[in-house]
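Structure first, then comments.
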Amino acid sequence: MKNRYNKTSLIYGTIMLTLTNVFVRALGFAYRIFLSRKLGSYSMGVFQLIFPIYFTAISIISSGLPIAVSRLVAEQKAIGGRYSIKKFMQKAFILTAFISIILFLLLISSINLISSKILNDSRTRIPLFILSPDIVIIAMKSVFKGYFYGLNDITPPAMSEIIEQLIRMGISIGLLYLLWPLSNEQIIYISTFSMVMGELLSLLYLHYKYGNQETRSKVEHSNNKSPYTAKDIINIALPITAIRLLSSIMSSINSILIPNRLIVSGITNRDAVSLYGIISGMVLPLLFLPFPMISALSTLIIPNLSEDMANRNFKNLQIKINKTLAITSITAFMATGILVALGEPIGILLYEQSKVGEILIPLSCFLIFPCLQQSLSSTLHGIGKQNIASINAIIGNSIELLCIYFLIANPEFRIKGFIIAFVISSAITAILNLIQVIRISKLHINFLDIFIKPAFSACIMLSITRFLFNSLSSTLCLPMTNIIISGLTGCIIFLISLWATGAIPSFAIKNFFRENFKKGIA
């Protein structure tokens, strides 16, 4: 049977999805800067309080189920498309709609309790109410994404993200300028409303593309039954959902615990909330700048590994895992070089806040661990070992919670306690995941090429980037221009160093351009 579905190569798909993520995150980053300047650090901290609760709700339904859909669609495609993907998708939609509507009703019925007792700020009640329909919208949207990723067709999910961000920014900025002047509370209401509208229009686009896809392929499989049941979906989705839910719960706990423990350490409530706003609204978005590449890779590696497992192609499985580790390492260490060298001036330029650099730089030194944590967790999902990934995540998050509780309240540590907790928990989780991936896949890793050489190149990059920045600072060069020139030069030095040390061999560069730019489609 001829396969009419798009089949995109792993590296090509990762690049295209990364470019989309970079574009979307750049828009979102600019929008966040715009909001932070409109709201200030204190109101930004209040605005950030609603998101841990919001993300906890949507993680229950929008994490494990789409990955399960992606894996099972990929497996059906791998065995020749003999079974009906459409019938399977109907089960996934019914299950998703049922759970998401229940969560929506639970959130609506408990908004007063959450805002007044859990978040301790009544101003979060209306934003939570406005955002509540997003639970159902994002749940259905994520299943559509899982379907397209399972078919290795990245274009509809990528376009949906662009549409969502453009609509969100357009509505928000348009209403703000149309209705200005506004109070901080009204700015928050408009921002949350624009999020819902962006997600809704993005969902409608995916529904349209799904309808076109099914119309083209219904002749092939309309009379076949799906071999998978709702139980199969749940067995895959449940452990993955547990990881995401645990992460969201931890974020919710941290949003409450960090300011409270800072107050215990001896600082005022306003200073504690402002400091939390700096961490969550300014530092972490900068720290996670390399995650468009990591997220794209993690998204695409799951169906790719599932196909290899279905076909029992273990050699190809090991090759893809090694590629995943190499891309993760190179991306993480390049970001480390940039953020350590330029973290302080970037924080001052973007946020007019010197504390951003003080927190960002030590976190950036260990960026390899959260990057590895995500990509290795997705690798375990792809080879059907989501239970192991869940256990490792529980261990890491438990350690983080203990460190935050005891260290932040100590006047000698305070916010340094958060840095220690973040680094230790991500390092332990990443190492545990790596050990299990090596054990299960019988993987042989070239640690010199994959980890040591990129780390060495990052040190060279860091030194040259910082020297160049300091040199340009004595000229009439604008700060933004200085940062861009220094950063781009550092990235070029990093890549040259990788090539010179053999971490990126010449034949790999030739194959990359031949396979991914001349062919494009594998």
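Here, each number is a calculation from the coordinates, and none is a lab measurement. Bear in mind the structure is a predicted one, so any value in this text is a computation, not a measurement. Cβ placement follows ideal geometry from the backbone for every residue including glycine, while neighbour counts extend to all protein chains displayed.
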Legend entry - Over 21 Å (Cα to Cα) - which of K91/K320; K231/K315; K117/K141; K38/K416; K86/K141; K86/K385 fall in this group: K91/K320; K231/K315; K117/K141; K38/K416; K86/K385
Inset, instruction - Taking 7 Å along the Cα-to-C-beta vector as the label spot, tell me the S471-E352 distance in nanometres, rounded to one decimal. - result: 3.2
Legend entry - Whether the chain is rounded, prolate or oblate, judged on the alpha carbon gyration tensor where a/c under 1.5 counts as rounded: oblate
Legend entry - Options S172, T324, S354, ranked by Cα towards positive dipole end of region 10-445, top entry (Cβ charges): T324
Legend entry - Förster radius 22 Å - calculated FRET efficiency between F29 and R270 (Cβ-Cβ, nearest 0.05): 0.25
Inset, instruction - Calculate the spin-label point distance for Y208 paired with K231, positioning each point 7 Å from the Cα along the beta-carbon direction, and give it in nanometres. - result: 4.1
Inset, instruction - Can you tell me the relative contact order of region 10-445? Whole percent, Cα pairs under 8 Å, sequence separation 6 or more. - result: 22
Inset, instruction - Report, in whole Å, the centroid distance computed from the Cα atoms of region 409-460 and region 351-371. - result: 15
